[in-house]
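Just so it is clear, none of the values below were taken in a lab; they were calculated from the coordinates. Given the structure is predicted, the values throughout are model-derived calculations rather than measurements. Cβ sites come from the backbone with ideal geometry, for glycine too, and all protein chains shown count toward neighbours.
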Amino acid sequence: MYSPAPDRYDNKVFNRCGNSGLKLSAISLGLWHNFGDVTIYDNSRAMALRAFDLGITHFDLANNYGPPSGSAERNWGRILKDDLSAYRDELIISTKAGYTMWPGPYGDWGSRKYLISSLDQSLKRMGLEYVDIFYHHRPDPETPLEETMRALSDIVKSGKALYVGLSNYYNPELAQKAYQLLREMGTPCLIQQVKYNIFDRRVEQEGLLNLQEKEDIGVITFSPLEKGILTNRYLKDIPQDSRLASGSPFLKEQDINNDVLEKVRLLNDMASQRNQTLAQMALAWNLSKSSVCSVLIGTSKVSQVEDCVKATENTSFTEEELKKIEDIVR
Ligand code: NDP
């Protein structure tokens, strides 16, 4: 029977999410990959439990994570039931709806019908009465924003989620409107999930990061390792057990061309000089930004979880180091 490490909270970093009362572990574990039915359950379970032992309290899911869609939530539900049920109050569990989940007009986007039905399905799959954070996964260009935000707010009022968040709302004007609506409805936006890493600066360029800082909304960054590129994974070759070799539709060979590899090598040298692995430096860089409360990693093995959590040991960068990173990625 699983018994968590007694020292799991010793010297671990928890950051306040915006101006809320909630603190998140600086490192959060995402279940997008490696938790579906196509992967080995024992490996998924081992990663989740090792993460909890190492002070990761936040686990991020979505209705469509798998494959097949729904299977990551089901497998996570099994881990919860078999191993973590006694620790529910130590966990922050999030899920989302917004991408295609079931056929017909009610299984996608942002209608009230879809969001409420989808969360009910997610709760059943995970065997939960409530999730801690429920996200709208992506903006819906057709449904009135007010309807989507009202559904999120009503979900909190019904007790099926404690907080709500937005994901992939990159347009600052849209994000600001959504924050305002949620605030007026008495259910302030807790957190925004965005892609952000040393290579991907869209949120800086489009002004979203500045807005989130001004509005004091918590930011959690996904794919902080650029799906594995910002690690030592591809420095020599394409490992057989890598995401790239698995034929993932989300990571292609052309994403790792010679120009990218050269930058990765230079960043890797720099990380060594800081006594960090490249993964640790990439996560530390994200965590050094004041509005980022947590980085949302994916892992395929326990050793990666162990490597990533050590990123919090050094999250400060000198001006010279920051400039060097900019020179490398330019
Ligand atoms: P990352 O950028 O963290 O990439 C994860 C991959 O990096 C792993 O699968 C692994 O690759 C490699 N890796 C991880 N740690 C190490 C390490 N220490 N050393 C070497 N390689 C390492 O994130 P993801 O793209 O997986 O996204 C993370 C989470 O963010 C998702 O699970 C999900 O919860 C969330 N997300 C949200 C989205 C949204 O729309 N809201 C979109 C995408 C993600 P390998 O498998 O090859 O070993």
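Below is a table of values for the structure above.
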read-out	value
For ASP237: the one exception among (1) farther than 20 Å from ARG50 by Cα; (2) surrounded by 23 or more Cβ atoms within 10 Å (Cβ to Cβ); (3) not hydrophobic (A, V, I, L, M, F, W, C)	(2)
Residue pairs meeting the criteria (Cβ under 7 Å; at least 6 apart or on separate chains; first more than 8 Å from the ligand (Cβ to nearest atom), in the range 220-248; second of a type in the set (Gly, Ala, Ser))	ILE220/SER28; ILE220/SER294; ILE238/ALA245
Among (1) within 13 Å of the ligand (Cβ to nearest atom); (2) touching a residue at least 60 places away in the same chain (Cβ under 8 Å); (3) out of contact with any Pro (no Cβ under 7 Å at 6 or more places or on another chain) - the single one ALA282 does not satisfy	(3)
Unique residue being surrounded by 23 or more Cβ atoms within 10 Å (Cβ to Cβ) and part of a helix (DSSP H, G or I) when the list is GLN176, GLN212, GLN193, GLN180	GLN212
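Yes/no matrix, rows are residues, columns are (1) free of Cβ contacts under 8 Å to residues at least 12 places away in the same chain; (2) among the basic types (Lys, Arg):
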| residue | (1), (2) |
| --- | --- |
| ARG16 | no, yes |
| GLY21 | yes, no |
| SER28 | no, no |
| TYR41 | no, no |
| LEU61 | no, no |
| GLY66 | no, no |
| GLY77 | no, no |
| LEU84 | no, no |
| TYR99 | no, no |
